[in-house]
Amino acid sequence: MPRSLRYCLIVLALAALAFVAWNGLSPASPIAEEGAAPSVVAHQLAVKSAATLEADDAPGEHVETTSTTRTEVANEAAVASPRERTDIKFAKLTARFVDSLGNSLPGVFVLDAGRKTVSTTSDAAGRIALDVPQFRSESSWSARFEARRKGYATKFLAFALTLDTTTPLGDVVLAPGVDVHGRTVDDTGVGIEATVGKDATRPDMADPVRRLQAEQRCLGSRPTTRSDSNGNFVLEGLPLGELHLWAKGEATHMAWSERLALVEGQDLHDVLVTVPRPRDDELITGSVLLPSGQPAARAFVSCGYVDGQRQGSQGTWAGNDGRFQLLIEPGYSAYELTATDRDERYPSVVLRDVRPGDRNLELRLFEQPPLFIAVHGPLGEPIDRCSMRVHRAAGPNSWVVVKANPKSIGGGLHETVVPNTRFRIQVEAEGFQLHKTDELEPPEPGSTLEIRLERVRHLRGRVFAEGRAAAGAKVSSYKSVGESVLRVNGFRSLHTPIEAAKAIAKEDGTFELPYEGEDSLWIRAELAGFAAAELEPIDPASSGALTLELVRGGVIEGVVILPNGVDAEGTIVGISRCDGFPRTQRAGAGGRFHFENLTPGPWQVMRRETEFDRMSLSTSTSNGPGAPIEWSCEVSDGRTTRFDLDLSRP
C-alpha cells in the first residue's frame, strides 16, 4: 500500500481508516507509484488495476437547519474538552432526518466515520446541530459521516465543512433496512475470523479476472463488519431487497453467499458464508534474511505474475521472524518475488522462476557497492546540490519509489545505492529542468552514470491588482487539453487541474514562471480577496511579457427551485467557468445560494450530487471535440448576477 496514500488516509481521518486498521498495516511499506491500484486484505496487499466503487447509498438528500442536540466530541489531545480549549475551532453541521414519507426520525445516531466519538443523536423533530472540531490547519475539509437507526439502512454522508460556517444537509431520507446475523466458516465448517460486507451481485468464480475485479470493488464498499474468532457477525443497517454477502479471511480469497432477500421489519438470522481455505498452489511461503543471516523483521514481499496480457501482483509484510505467506493467483506463466527490508537500508532482492505452491523460499538481502552519478549542467559545469528519486521495478508495469539519499563527493559526483532490479532515476536541481532517465538495467558495482541537466526556461510577466503591483500573487501554469474533452470531478475543464509550475510575484508584481516542453499553457494568477485572473492558452516558446489584471470580481446568487415547492435547503449547487476550479455549496434556507469573488465572464450553474473536493480529484478524458459549452450566465466585475436554478421540470 503506498505510504503517501496511507498517510493521506490518516491525515484526513476518513472512513477508510477503519478499513486499514483491521488489516494491521505496517508503517513501513514501500511506496507504490504506477500501474497499480492497491487494496489491503488482512496482512496481504493486493495491487490491481481496478476502480474502487462507492457504496449503494439510498437516494434523496436535502436539509433544514436545526436546534442544537446533545453533542459528544472526541478528546483528541487527551486534555480539556475541545469546547474548553481556545486553540480548537469548529464547523457546524445541521440536518433533519426523515423517512421516505417525510416523517421526522428521532434517535438517529450520527457519527464521524473517522472519529467515532464526534457524534450526536437526532431530537424528537429528527434534527441535529453538531459542532465538529478541526484539530488540523485546514479551514475547509471533506467529512464522511454515518447515520444509523434501528430498522433503517445506514446512510453514508459525504460533504464539505468549513470553520465557523454551518453546512446544512437539509432533509436526509433514511430508507428502511434490517440487520443480518450470521457466521463465517471454512470449508470444513469451522468458524473463522473474516471481514464481511454486502454486494449486489456475485461474480463468476470460474473467471479469475472478474472475481478479482469484484474483490477490489467489495473491499472499498460499506458497511463492513468483522466476525469474531468463532465466525459470528452482525451486519447492521442493510438496505431492503436482494443481495449477497461477501467475506474474506486473513489468508483467503473472497467468497460470496447465496442470494439473500431482505424484507422490511424482519432481521435475517443464521446466514452462513463459507470461505474456503486456500489450496496448496495458491500459497507461497518463505523468509527474508538480512545480510548477516538474521531475520528481516517486517520486510515487505511482493509477488508479480504475468501471462500474456494478464498480469497482477500481491504483497505482504513478513513477521518479526522474517517469515511470510503470500496468497497468489494460480494459472500464470511467470512469477517472481521481490523483498525489501523495512528501513530500505539494502537493495531489493529478486527471486525469479517461482512456482505456485513453493514453500520455504529464502530471500537474502545483501550489501551492494554504490553507484556513482555524475551530474553536470549544459556547459559541463558540475552540480553538487540536487535531489534524486529512484524508482525500481516491482513487477510487470509496476514501479515503487525507494529511498535515494545521494552523498555529494564534489565535482558533480554523487554516491548512492540503487536496486539490483530495473530502475529509473529522477534528478532535480534549482535552475534546471527535471531530468528523468530511461529504464536502466542493474549497474555494474562501482560504475558511474552520467547525467546532463538542461537550464530551465521561464515565462516572465507582471501581475496587477486594481492597478497596483500584486505583490505575493501566486502565478501558475496549466497544460491545455486542446481538442480533447476533460472532466474534473464531473465538471468540464479546458486545461489540466494540476499546475505544471508556479511562482510568487515580487514586490513590483513581476514573476518568472518556469516551463518545460512545448505544450500550450493557461496562466492563472490568484491573490486573497480577488477573483482569479487567467490568460487563455499561450505558446510559451514565442510568448512575450505577460500581464495579468486582478479584480474583485462579481457575484452569482439565486435560489434552487424543486418540484412541488419543496424547500431546496441542502441541495448542492455547483458553478464552473471550465477552468478546473469549480465551486460547490449547499443551498441555505429557502434554497438560496451565493457565490462571490468570481472571475468576470461566462459561468455554468448546475446541480451536483457531491461537493467538489480539490484534495480528491477524479478526471476523465475523451478524444475529439466535444459539444459546445452551455453557459448559464455572465458575471461582471463589481456586479451581482441573478440566476435561479430551476429543477422543477425534467
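The values are calculated or read from the model by the stated rules, or taken from the named source; none is laboratory data. All of these numbers come straight from a predicted model, not from anything done at the bench. Cβ sites come from the backbone with ideal geometry, for glycine too, and all protein chains shown count toward neighbours.
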Margin query: Just to verify a result, which residue in the stretch 405-444, among those that are part of a loop (DSSP other than H, G, I, E, B) and of a type in the set (D, E, K, R), is surrounded by the most Cβ atoms within 10 Å (Cβ to Cβ)?
Written below: Arg422
Item checked: Residues that are under 18 Å from Pro442 (Cβ atoms), not in a strand (DSSP E or B) and not charged (D, E, K, R), drawn from the stretch 341-355 -> Tyr346, Pro347, Ser348
Next item on the list: Only residues in the stretch 282-295 that are over 15 Å from Leu351 (Cα atoms) and in the same structural domain as Gly331 (by TED's automatic domain parsing) count as the first member; pair them with residues that are at pLDDT below 95 and among the aromatic types (Phe, Trp, Tyr), Cβ under 6 angstrom, at least 6 apart or cross-chain, and list the lot.
Entry: Pro291/Phe366
Item checked: So Arg352, is it modelled with pLDDT of 90 or more and surrounded by fewer than 17 Cβ atoms within 10 Å (Cβ to Cβ) -> no
Notebook entry, point to check: (1) in a loop (DSSP other than H, G, I, E, B); (2) closer than 18 Å to Val635 by Cβ: which one isn't true of Ser542, the others all being true?
Noted result: (2)
Notebook entry, point to check: Taking the stretch 145-204 only, how many residues are among the hydrophobic types (A, V, I, L, M, F, W, C), without any contact (Cβ under 8 Å) to a residue 60 or more places away in the chain and part of a loop (DSSP other than H, G, I, E, B)?
Noted result: 1
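Every residue, every condition in (1) assigned to a loop (DSSP other than H, G, I, E, B); (2) touching a residue at least 24 places away in the same chain (Cβ under 8 Å); (3) more than 24 Å from Ser221 (Cβ to Cβ); (4) outside the structural domain of Lys155 (by TED's automatic domain parsing), yes or no:
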position: Ala95; (1), (2), (3), (4): no, yes, no, no
position: Leu101; (1), (2), (3), (4): yes, no, yes, no
position: Pro106; (1), (2), (3), (4): yes, no, yes, no
position: Val110; (1), (2), (3), (4): no, yes, no, no
position: Lys116; (1), (2), (3), (4): yes, yes, no, no
position: Thr120; (1), (2), (3), (4): no, yes, yes, no
position: Asp123; (1), (2), (3), (4): yes, yes, yes, no
position: Leu130; (1), (2), (3), (4): no, yes, yes, no
position: Ser142; (1), (2), (3), (4): no, yes, no, no
Next item on the list: Answer yes if at least one residue in the stretch 542-556 is closer than 22 Å to Ser142 by Cα, out of contact with any helix residue (DSSP H, G or I) (no Cβ under 7 Å at 6 or more places or on another chain) and either of a type in the set (Gly, Ala, Ser) or buried (at least 22 other Cβ atoms within 10 Å of the Cβ) (or both), and no otherwise.
Entry: no
Next item on the list: Check Trp603, Trp631 and return the single one that is of a type in the set (Phe, Trp, Tyr), within 31 Å of the chain's Cα centre (by Cα) and surrounded by fewer than 15 Cβ atoms within 10 Å (Cβ to Cβ).
Entry: Trp631
Next item on the list: Would you kindly identify the strands (runs of 3 or more DSSP E) lying entirely within the stretch 251-340 that contain at least 2 residues that are hydrophobic (A, V, I, L, M, F, W, C)?
Entry: 260-262, 268-274, 283-289, 300-307, 323-327, 334-340
Item checked: Those residues of the stretch 500-509 which are surrounded by fewer than 16 Cβ atoms within 10 Å (Cβ to Cβ) and assigned to a strand (DSSP E or B), in sequence order -> Lys502, Ile504
Margin query: Restricting to the stretch 495-531, give me the number of residues that are closer than 25 Å to Ser622 by Cβ and hydrophobic (A, V, I, L, M, F, W, C).
Written below: 4
Notebook entry, point to check: Wholly within the stretch 584-629, which strands (runs of 3 or more DSSP E) include no fewer than the required count, namely at least 1 residues that are β-branched (Val, Ile, Thr)?
Noted result: 601-608, 619-622
Next item on the list: Being in contact (Cβ under 8 Å) with a residue 60 or more places away in the chain and among the small types (Gly, Ala, Ser) is the filter here, so list the residues in the stretch 320-335 that pass it.
Entry: Gly331
Check: How many of the residues in the stretch 366-382 are under 17 Å from Ala404 (Cα atoms), of a type outside the set (S, T, N, Q) and surrounded by 13 or more Cβ atoms within 10 Å (Cβ to Cβ)?
Finding: 6
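Yes/no per residue for (1) free of Cβ contacts under 8 Å to residues at least 40 places away in the same chain; (2) surrounded by 15 or more Cβ atoms within 10 Å (Cβ to Cβ); (3) farther than 30 Å from Glu512 by Cβ:
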{"residue": "Val560", "(1), (2), (3)": "no, yes, yes"}
{"residue": "Thr571", "(1), (2), (3)": "no, yes, yes"}
{"residue": "Pro582", "(1), (2), (3)": "no, yes, no"}
{"residue": "Glu611", "(1), (2), (3)": "no, yes, yes"}
{"residue": "Met615", "(1), (2), (3)": "no, no, no"}
{"residue": "Thr621", "(1), (2), (3)": "no, no, yes"}
Note to self: Where the second residue is outside any strand (DSSP E or B) and among the polar types (S, T, N, Q) and the first is not assigned by TED's automatic domain parsing to the domain that holds Leu111 and lies in the stretch 220-248, which pairs have Cβ atoms under 6 Å and are six or more apart or on separate chains?
What the structure shows: Gly220/Thr52; Pro223/Thr154; Phe233/Ser227; Gly237/Thr154; His244/Ser257; Leu245/Ser257
Note to self: What are the pairs with Cβ atoms under 9 angstrom where one residue, in the stretch 391-411, is farther than 17 Å from Tyr346 by Cβ and at pLDDT 75 or above and the other, located anywhere, is of a type in the set (A, V, I, L, M, F, W, C) and in a loop (DSSP other than H, G, I, E, B)? Sequence gap at least six, or different chains.
What the structure shows: Trp399/Ala36; Ser408/Cys386
